[in-house]
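Just below is one structure, and these are the notes that go with it.
The values are calculated or read from the model by the stated rules, or taken from the named source; none is laboratory data. Here the structure is a predicted model, which is why all the values come from computation and not from measurement. Reconstructed Cβ throughout: ideal geometry from the backbone, glycine too, with neighbour counts over all protein chains shown. Note: accessible area is taken over every heavy atom of the protein model, side chains too, but ligands, DNA and RNA are not part of it. Shrake-Rupley method; radii C 1.70, N 1.55, O 1.52, S 1.80 Å.
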Amino acid sequence: MPTRSWRSKGTNPHCRKTSKPSSGGIFPPAHTTRDRGHGRIETRTVRASTALNGYLTFPHVQQVFQLERTVTDLSGNPLRHEVANYITSLSTQEAPPERLGSLARGQWTIESHHWIRDGVYDEDRSQVRRGSGPRAMATLRNLAISLLRVRNIAQALRVLGRHPDWLCAALGV
């Protein structure tokens, strides 16, 4: 049996009369923020929708949202463009697009903390695995990160490695 393929309603002359004009897709108006700093301008646009909830089998889905990030230098030259899609169990009342954007951005605060713990302290290769040792080491790493937050953590670790007496003086011991 031969297969048939149909052109979309926009190009099929038989469907033009019955197809309704698009209302801009499944997303209502977007929420956009612009931040300027660190030699760049970052524009973040959040579009949220509940229109896909009936099609998704993800448990407890309340809405989907798309976060589009565009980063340019101060002259307007594009540096980076990213689009990320998310599924959330937060309703539209609990998390309108403005809040979804801040929640997604807040996730990077957590990720940067984990990057410091692994990238600077090489936590993933730790050999401490028994009893309360892993928790104690994580607590010590978190303490060190908090104490060294004043400057570049890797640079501060190098300086303190050469001058351990400075750490004792800074802690008052």
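Observations on the model:
- For Arg129, net neighbour charge (Lys/Arg +1, Asp/Glu -1) across residues whose Cβ lies under 14 Å away: +1
- Accessible surface comparison of His38, His114, His31, probe 1.4 Å, protein chains only, largest first: the order is His38, His114, His31.
- Cleavage-rule hits (GluC sites (Glu not before Pro)) in segment 55-143: DSSP loop, at most 13 neighbouring Cβ within 10 angstrom: Glu94
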